[in-house]
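Since the structure comes first, as structure tokens, the remarks are kept for the end.
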Amino acid sequence: MTLPNDLKPSTIAAQANGAIDLPSGGVVPPLQPSTTFLRDEDYALVNPANIYSRDNSDIVRIAENVLARLENAEEALLFPSGMAAIAAMFRTLPNGATVVVQSGIYWGTTKWLRDFAARRQITLHEVDAADASALEKACATHKPDLVFIETPSNPWLKTVDIAHAATCAHAAGGLLAVDSTAATPVLQRPLEHGADIVMHSATKAINGHSDVLAGVLATSSPAAKIWTDIKADRHDAGAVIGPFEAWLLLRGMRTLPLRVERMCRSTQTIAEYLATHPKVADVYYPGLASHPGHEIAARQMQGGFGCLMSFLVKGGAEEALAAVGKLKLFHRATSLGGVESLVEHRHTIEPHTGIPESLIRVSVGIEDAGDLIADLGQALG
Ligand SMILES: *Cc1c(COP(=O)(O)O)cnc(C)c1O
């Protein structure tokens, strides 16, 4: 059973796109852990859709269908982590290819891509893609096969105009892929702005409960060579998500629009509070009118600006770590998008990437915004 075509994200998510279990009458689809599937006396598959679980899993297909609908994509593919999704995509590039990647994005992506490009004779150009003319110039000069951006970016919250990036990539004969993790498909649908592939770490807000690693790629052109190559890579190389993880992900996604709505509202309130705080030097959040990417974000996002925010305390590492150490509600832990608020001193984690020592990154959960503000207030002093 699939839901009608004209429904809003909250309806699609709450009903898991119509997934139920008719044999049992359950309103929740079952978790089938079997790795292999029966053939009958004539050697025909009992269920023609299922042979072996590296290739076939009902619960994975159900979760992919929900994601595809939320993203307004033709097809979505799940992977066992966000990095596995990114790696599967870049592995489709031939040796000697050229890539333009946004600078200052999720460090795990940058690090893996640098190593991979070096091994594969791929020419990598790292560009501040939030600077539209720099991106345009890089595409025109280097003629990349693939352009990879992340918007809003982690941890700088830079925003890239997706439609403009797509125009630049396509004019150069390349494709555009967008890491949309910080936005979720509820707030931003890059395929509608011309991107060829959208990627998420579903570990973050899509699952939302800090208990599943998952990644997703989605496209509106499933016949494109890059997509058929990605599918073949997943099938043959085996970067598949397990049924239990897919089942948990599906459960987490039922409340995705609800969680995102609450988190956006709280993050906006907290960003406005921090922006006027005497101990705070600067706040990076695209929901603030003062943010350099606010207009772009307002144009290509709907319903809010996400749960990720960074700010600079006055002083340096000592002041930042003192504030982080005093927080009682925000867990000191990496990651983002969970129902519980997290705080991170990025410079401690990646001191070599130019992150300011005074920068504190925050992922706002679904707790009461007043409680969170009181905690930040006591910690900043
Ligand atoms: C976490 C994250 C990733 C990597 O995803 P994993 O699920 O941890 O492998 C990629 N991009 C962004 C923006 C992220 O926040």
Practice task
May I ask for the net charge around Ala169, where only other residues with Cβ less than 11 Å from the Cβ of Ala169 are counted and Lys, Arg are +1 while Asp, Glu are -1?
Solution key: -2
Completion exercise
GNM on the chain, Cα springs under 10 Å; top mean-square fluctuation among Pro243, Pro94, Pro286 goes to Pro94
Handout entry: Calculated diffusion of the stretch 257-380, Stokes-Einstein form, Kirkwood radius summed over Cα pairs, 20 °C and 1.002 mPa s, µm²/s
Key = 148
Handout entry: Low-density loop cleavage sites - GluC sites (Glu not before Pro) in the stretch 33-116, where at most 12 other Cβ are within 10 Å (DSSP)
Key = Glu41
Problem - the stretch 1-59: chymotrypsin sites (Phe, Trp or Tyr not before Pro) in DSSP loop, at most 12 other beta carbons within 10 Å - result: Tyr43
Problem - Expected 222 nm ellipticity per residue - DSSP helices of 4 or more, -39500 (n - 2.57), all of the chain, to 500 - result: -11000 deg cm²/dmol
Problem - Label point distance in nm, Arg299-Leu3, each placed 7 Å from Cα along Cα→Cβ - result: 3.1
Exercise for the section: Please go through the stretch 158-265 and write out the chymotrypsin sites (Phe, Trp or Tyr not before Pro) that DSSP classes as loop and that have at most 10 other C-beta atoms within 10 Å. Expected result: none
Exercise for the section: Calculate how steeply helix 317-326 sits against the longest principal axis of the alpha-carbon atoms of the chain, using the helix alpha-carbon long axis, and give the answer as 0 to 90 degrees to the nearest 10. Expected result: 70
Practice task
When a/c is below 1.5 the answer is rounded, else prolate if a/b is larger than b/c, else oblate, so apply that to the chain with a ≥ b ≥ c taken from the square roots of the Cα gyration tensor eigenvalues.
Solution key: oblate
Exercise for the section: Compute the acute angle (0 to 90°) between the alpha-carbon long axis of helix 256-275 and the principal axis of greatest extent of the alpha-carbon atoms of the chain; round to the nearest 10°. Expected result: 10
Problem - Mean separation of Cα contacts under 8 Å, 6 or more apart, over the residue count of the stretch 257-380: relative contact order % - result: 27
Fill in the blank from the handout: Of the listed links Lys137/Lys314; Lys111/Lys143; Lys204/Lys326, those spanning more than 29 angstrom between alpha carbons are Lys137/Lys314
Exercise for the section: Rank these for me by crowding, Ile149, Ile20, Ile86, going from fewest to most other beta carbons within 10 Å. Expected result: Ile20, Ile86, Ile149
Exercise for the section: Could you pull out every one of the aspartates and glutamates with an alpha carbon less than 16 Å from that of Lys231, ignoring same-chain neighbours closer than 8 positions? Expected result: Asp55, Glu64, Glu74, Glu75, Asp196
Problem - Residues Glu344, Glu136, Glu350 arranged by fewest to most Cβ contacts within 10 Å - result: Glu350, Glu136, Glu344
Fill in the blank from the handout: Restricting to Cα pairs under 8 Å and 6 or more apart, the percent relative contact order of the chain works out to 16
Handout entry: Residue among Ala73, Ala84, Ala118 with the largest mean-square fluctuation in a Gaussian network model of the chain, springs linking Cα atoms under 10 Å
Key = Ala118
Problem - Residue list for the stretch 270-313, given a label point 7 angstrom along the Cα-to-Cβ vector of Glu261 and an amide N cut-off under 13 Å - result: 303-304
Practice task
Measure nothing fancy, just the Cα-based angle from helix 132-142's long axis to the longest principal axis of the chain, in degrees from 0 to 90, nearest 10.
Solution key: 50
Practice task
Would you look at the GNM of the chain, springs on alpha carbons closer than 10 Å, and say which of Gln188, Gln121, Gln268 moves the most?
Solution key: Gln121
Completion exercise
Filtered hits (aspartates and glutamates, Cα-Cα < 16 Å from Lys158, offset >= 8 within chain) -> Glu126, Asp128, Asp131, Glu150, Asp179, Asp282, Glu295
Handout entry: Cα-projected label distance for Tyr273 with Ser290, points at 7 Å along beta-carbon direction, nm
Key = 1.7
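Rule-based calculations on the coordinates, nothing more; no lab input. Note that this is a predicted model, so its numbers are computed, not measured. When we count neighbours, we look across all protein chains shown, and the Cβ atoms used for this are built from the backbone with ideal geometry, even at glycine.
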